[in-house]
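What follows is a short report on a single structure.
The values are calculated or read from the model by the stated rules, or taken from the named source; none is laboratory data. These numbers were taken from a predicted model, which means no experiment stands behind them. So basically every Cβ, Gly included, is an ideal-geometry build from the backbone, and we count neighbours across all protein chains shown. In case anyone asks, the SASA skips ligands and DNA or RNA and just uses the protein heavy atoms, side chains included. Shrake-Rupley method; radii C 1.70, N 1.55, O 1.52, S 1.80 Å.
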Amino acid sequence: QVQLVESGGGLVQPGGSLRLSCAASGITFSSYGLSWHRQAPGKERELVAGISSGAGITNYADSVKGRFTISRDNAKNTVYLQMNSLKPEDTAVYYCKAALWEHYWGQGTQVTVSS
């Protein structure tokens, strides 16, 4: 059974930082491309950042470039999203995804940026 479990969300003030984690089980983790997505109320889910298998090539949405960093630890079957200089518009439910020939999603973790 495949499981992706996100953690690390919460309430943070503007300018603050959070680190999200997504622990995977039931897949050959190192073979999968991994990504973080987010969905704000009333908006479509959007890609935030991705990291490839193998070389670990990363890509980011323009809105988070220079503030967010995606990384993976294949030994721990975990993907991370370090979020710095958070803004109120970063408020959303954040989801991780693992993709190869099939896609798997986590259940999401809420991030709220507010003073």
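So what is the relative contact order for the chain, in percent, with contacts set as C-alpha pairs under 8 Å and at least six apart?
36 percent
List the aspartates and glutamates whose Cα lies under 20 Å from the Cα of Lys43, skipping any in the same chain that are fewer than 8 positions away.
Those aspartates and glutamates meeting the cut-off are Asp62, Glu89, Asp90.
Please give the per residue accessible area of the chain, computed with a probe of 1.4 Å over protein heavy atoms only, in Å².
Using a 1.4 Å probe on heavy atoms only, each residue of the chain averages 52 Å².
Taking every pair of alpha-carbon atoms in the stretch 5-75, give the share separated by more than 16 Å as a whole percent.
I get 57 percent for the Cα pairs in the stretch 5-75 exceeding 16 Å.
Given a Förster distance of 22 angstrom, what is the FRET efficiency for Thr69 paired with Trp101, based on the Cβ-Cβ distance and rounded to 0.05?
0.20
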